[in-house]
Amino acid sequence: IEVTEKIQLVAEAQQNIDEQVENQNQQLGILKQTQSDLQEIIEESHNKSETSALVAGQLAKVANNVTDLLQRFSLDANLKAETKQQDEKRSHP
């Protein structure tokens, strides 16, 4: 009877081990999928940051061009619009 009980205990222990191995394999599968998802998110984030950097560079060029144009633009404060003579009836000369 003692040998039979020991065999039964060993069988139960082996079954528990098998269940734990199966549980660990499931957890490992979940971990692998999560790692894959994370890698995909990182790649997408990297691509978006590259795109943002490209857009920022293009906007900087546009801003520089606008700045150059504004620097070349000048107003002569001495110029004045012609005004109508006092005896003229039209609104604008």
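Pop a pseudo-label 7 angstrom from the Cα along the beta-carbon direction at both GLN58 and THR34 and give the gap in nm to one decimal.
Roughly 3.9 nm, to one decimal.
Note the full-extension length gain between ALA13 and LYS48 as 0.36 nm times their separation in residues minus their Cα-Cα distance, in nm to one decimal.
Additional length available on full extension: 7.4 nm.
Select from region 1-81 those trypsin sites (Lys or Arg not before Pro) which occupy a DSSP coil region and have at most 12 other Cβ atoms within 10 Å, ordered by residue number.
LYS80
Every read-out reported here was derived from the displayed coordinates using simple, explicitly stated rules and does not represent laboratory data. Quick caveat: nothing in here was measured; it's all calculated off a predicted structure. A quick note on method: Cβ atoms are made from the backbone with ideal geometry, for glycine too, and the neighbour counts reach across all protein chains shown.
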